[in-house]
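The values are calculated or read from the model by the stated rules, or taken from the named source; none is laboratory data. Treat the numbers as computed from the prediction; the structure is a model and nothing was measured. Virtual Cβ from ideal backbone geometry, glycine too; neighbours counted across all protein chains shown. Just the protein is used for accessible areas: all its heavy atoms, side chains included, with ligands, DNA and RNA removed. Shrake-Rupley method; radii C 1.70, N 1.55, O 1.52, S 1.80 Å.
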Amino acid sequence: MSGSLATTPRPQRELSADCAACTGLCCVALAFARSADFAFDKAAGEECVNLEDDFRCRIHPQLRERGFKGCTVFDCFGAGQHVTQHTFGGATWRSGDPVRAGMFAVFPIVRQLHELLWYLREALGMPAAAALHPALRASWDDVAAAADAEAEVILELDIDALRDPAAALLREAARLTRESGPQADTRARLRIPRSRLSPGADLLGADLHGADLRGAELRGALLIAADLRDADLAGAELIGADLRDARLHGARLEQAIYLTQTQVDAALGDARTRLPQALRRPSHWT
């Protein structure tokens, strides 16, 4: 492999949830409001009524049927077990204050850091962004060190000081990757103006059935309930895109950029939907 195509080995770190090593932090520390995603209101710091003494959810197999779709699409990126086992050395929030207050305050911060690490690791696997790999690795090291710090240090972190330079690197890595791959056929007919296919675009319920979206920059796009059946999203950048209830049946997503399990879990699809190797097909897809 030539130097221009070489990739930096991806750092090894657990960035997916291991609920057995956690203490149900997402079920207690976070708030949620009654909606289509949650069956009732719960304040931050209030224990969910469905949480068992062993920190397991008593209705986990029926979460969607019982009105808790939001729980099924939440991903802590491994922050739950990291805070439990590393930051607080295996303690539980049931130990009382100050452990309880500390865990609840640290958990959402570490989740942000772990999500950023997930994206940085993805960028480090992009051959077209090889020139950025040293800077990406340095950013990874800074963010990982912050996530591994003591609780008192984490609570004093300036998250923006870590996130802003990393975000700039992620955008540039995505640009290089998009431009190195196949681009959409500009002659292909779309049911919406091409000008709407841009970062942060409002594509709520948009008809993109069978669309050629290769290399599209859809960062932060609102794609709720959009029809993306049989669409080709190879090389499309989807960081921050809202795919809740988007129809991905038969869509090509195996080479999409920055697609997360959370986005996939929030969408609809079927056996024909092509996903990146690292992502799993949700059980609710038919």
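Report the extension gain between Ala168 and Glu47 in nm, rounded to one decimal, defined as 0.36 nm multiplied by the number of residues separating them, less their alpha carbon distance. Can you show the working numbers first?
Numbers: separation 121, 0.36 × 121 = 43.56 nm, distance 3.77 nm.
Length difference between fully extended and current span is 39.8 nm.
Please give me the summed charge of the neighbours of Cys57: other residues whose Cβ is under 14 Å from its Cβ, Lys and Arg +1, Asp and Glu -1.
Result for the local shell: +1.
So if we plug the beta-carbon distance of Glu156 and Ser16 into 1/(1 + (r/R0)^6) with R0 = 30 Å, what FRET efficiency do we get, rounded to 0.05?
Numbers: r = 27 Å, r/R0 = 0.91.
Rounded to the nearest 0.05, the efficiency is 0.65.
Got a number for carbon plus sulfur as a percent of the chain's accessible area, 1.4 Å probe? Please report the intermediate quantities before stating the final value.
Values: 7060 of 13850 Å².
That fraction is 51 percent.
With θ set to phi - 60°, apply the Karplus curve 6.51 cos²θ - 1.76 cosθ + 1.60 along the stretch 162-173 and write out the HN-Hα couplings as whole Hz, x wherever there is a Gly or Pro.
Coupling constants for the stretch 162-173: 8, 6, 4, x, 5, 4, 5, 5, 5, 5, 5, 4 Hz.
Give me a comma-separated list of calculated 3J(HN,Hα) values for the stretch 143-148, in order, Karplus coefficients 6.51, -1.76, 1.60 applied at θ = phi - 60°, integers in Hz, x for any Gly or Pro.
Running phi through 6.51 cos²θ - 1.76 cosθ + 1.60 with θ = phi - 60° gives 5, 5, 4, 5, 5, 8 Hz.
Looking only at Cα atoms, what is the convex hull volume of the chain per residue, in Å³? Please report the intermediate quantities before stating the final value.
Working: hull volume 37.9 nm³, N = 286.
About 133 Å³ per residue, rounded to a whole number.
Starting from the Cα-Cα distance between Arg58 and Ala131, subtract it from 0.36 nm times their residue separation and give me the gain in nm to one decimal. Before the final figure, lay out each step's value.
Values: separation 73, 0.36 × 73 = 26.28 nm, distance 4.85 nm.
Computed gain between Arg58 and Ala131 is 21.4 nm.
Could you estimate the translational diffusion coefficient of the stretch 27-152 from the Stokes-Einstein equation, with Rh from the Kirkwood formula over C-alpha pairs, at 25 °C and 0.890 mPa s, in whole µm²/s? Walk me through the numbers on the way to the answer.
Values: Rh = 16.4 Å.
Estimated via Stokes-Einstein, D reaches 150 µm²/s.
Can you give the accessible area per residue of the chain, in Å², using a 1.4 Å probe?
Numbers: 13850 Å² over 286 residues.
Using a 1.4 Å probe on heavy atoms only, each residue of the chain averages 48 Å².
I need the phi-derived Karplus couplings for the stretch 60-77: 6.51 cos²θ - 1.76 cosθ + 1.60, θ = phi - 60°, integer Hz, Gly and Pro marked x.
3, x, 10, 4, 5, 5, 8, x, 10, 4, x, 5, 6, 10, 7, 9, 8, 6
Rounded to two decimal places and with Rh computed the Kirkwood way over Cα pairs, what is Rg over Rh for the stretch 128-197? Write down the numbers at each step before the final one.
On the way: Rg = 18.1 Å, Rh = 15.0 Å.
Here the Rg-to-Rh quotient is 1.20.
Within a Cβ distance under 14 Å of Ala17, other residues only, what is the Lys/Arg minus Asp/Glu net charge?
-1
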